[in-house]
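The values are calculated or read from the model by the stated rules, or taken from the named source; none is laboratory data. Not measured: the values here are computed from a predicted model. With ideal geometry, Cβ positions are generated from the backbone for all residues, glycine too; neighbour counts draw on all protein chains shown. Side chains are part of the model used for accessible areas, which takes the heavy atoms of the whole protein and leaves out ligands, DNA and RNA. Shrake-Rupley method; radii C 1.70, N 1.55, O 1.52, S 1.80 Å.
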Amino acid sequence: MANNDSIGKTITVALLLCVVCSVVVSTAAVLLKPLQETNKSLDFKRNILSAAGLLREGVSIEEQFKQITPKLVDLNSGRFYSDSGTAGLTVDSYDQREAAKDPELSEKLAPQDDIAKISRREKYAKVYLVEDGGVLQQVILPIKGYGLWSTLYGFLALKADTNTVVGLGFYEHGETPGLGGEVDNPRWKSLWKGKQVYADDGSVAIKVIKGTAAHDAVHKVDGLSGATLTSRGVDNLMHFWLGENGYGPFLARLKRGEA
């Protein structure tokens, strides 16, 4: 009589079970990938709308996003990039985060310029315009920079004057919950609304300070309590992206109507 408890049969059953499970998991991953990509895209758009103060609950994200026009910007020239440009990019397919890893589409930053600690800066950025009857209302800028433990990815929305903050939001980071993770706190994010990012001479003036800013301090925002390094990281990334190596040239042109 065959021994059903033999080592060989046990191994065979285990291997067959592993194969079946692998097939099930792989099939599920393939079938669910389109849904995952759709949800990822919707979440991305939700964060853009939220930063701009345009998110309305109960209304389709896609419907709300129709008021926003994505455009590519050449960060070196500060001008809008045409889909027929020499780089062969299209606004719909361009992935700014992936471009930052591509030597053809990004530039290595000199240590003295890399205050946001991102190592490489993409040559082109995808910005988002909010217009009403062809008149610019807001510009929403993707931003990123290193905090205490992680790279913070977010959006900064400015009024058409390219100086007044409408909103700020970080959609991805790995900062400590309750400390640096408070970059997600609605109360802290609300402190940014109405702040001025540039001084009268055009220099970047926005500053995340240690402690509490005076209520009439148009260039200062309260630091995050107990999260000095994360606060410094946010301050650094703001100065980088609003400066000459980031969106500075583009915002200056946009304000003059020359972008």
Suppose we filter the range 206-220 for residues that are closer than 13 Å to ASN236 by Cα and either within 21 Å of the chain's Cα centre (by Cα) or assigned to a loop (DSSP other than H, G, I, E, B) (or both); how many remain?
3
Qualifying positions in the range 185-198 - assigned to a loop (DSSP other than H, G, I, E, B) and surrounded by fewer than 17 Cβ atoms within 10 Å (Cβ to Cβ)
ASN185, LYS193, GLY194
Kindly indicate whether SER225 is of a type in the set (S, T, N, Q), under 23 Å from THR162 (Cβ atoms) and open to solvent by 50 Å² or more (accessible area, probe 1.4 Å).
no
Can you say whether LYS144 is touching a residue at least 24 places away in the same chain (Cβ under 8 Å), open to solvent by less than 40 Å² (accessible area, probe 1.4 Å) and not aromatic (Phe, Trp, Tyr), as far as the supplied structure shows?
yes
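Yes or no, residue by residue, for (1) open to solvent by 10 Å² or more (accessible area, probe 1.4 Å); (2) closer than 18 Å to LYS207 by Cα:
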{"residue": "VAL127", "(1), (2)": "no, no"}
{"residue": "GLY134", "(1), (2)": "yes, no"}
{"residue": "LEU152", "(1), (2)": "no, yes"}
{"residue": "PHE155", "(1), (2)": "no, yes"}
{"residue": "THR164", "(1), (2)": "yes, yes"}
Give the residue, chosen from GLU244, GLU258, GLU182, GLU172, that is surrounded by fewer than 16 Cβ atoms within 10 Å (Cβ to Cβ), touching a Leu at 6+ places or on another chain (Cβ under 8 Å) and of a type in the set (D, E, K, R).
GLU172
Would you confirm whether any residue within the range 100-107 is among the aliphatic types (A, V, I, L, M) and touching a residue at least 40 places away in the same chain (Cβ under 8 Å)?
no
Listed residues GLY226, GLY246, GLY181; which is in contact with a Phe, Trp or Tyr (Cβ under 7 Å, 6 or more places away or on another chain) and not in a strand (DSSP E or B)?
GLY246
Among the residues of the range 101-130, which ones are over 19 Å from LEU72 (Cβ atoms) and in contact with a helix residue (DSSP H, G or I) (Cβ under 7 Å, 6 or more places away or on another chain)?
ILE115, ALA116
Only one of SER26, SER119 is surrounded by fewer than 15 Cβ atoms within 10 Å (Cβ to Cβ), among the hydroxyl-bearing types (Ser, Thr, Tyr) and at pLDDT 95 or above; which?
SER119
Candidates LEU109, LEU156, filtered to the one that is within 23 Å of ARG46 (Cα to Cα) and modelled with pLDDT of 95 or more:
LEU156
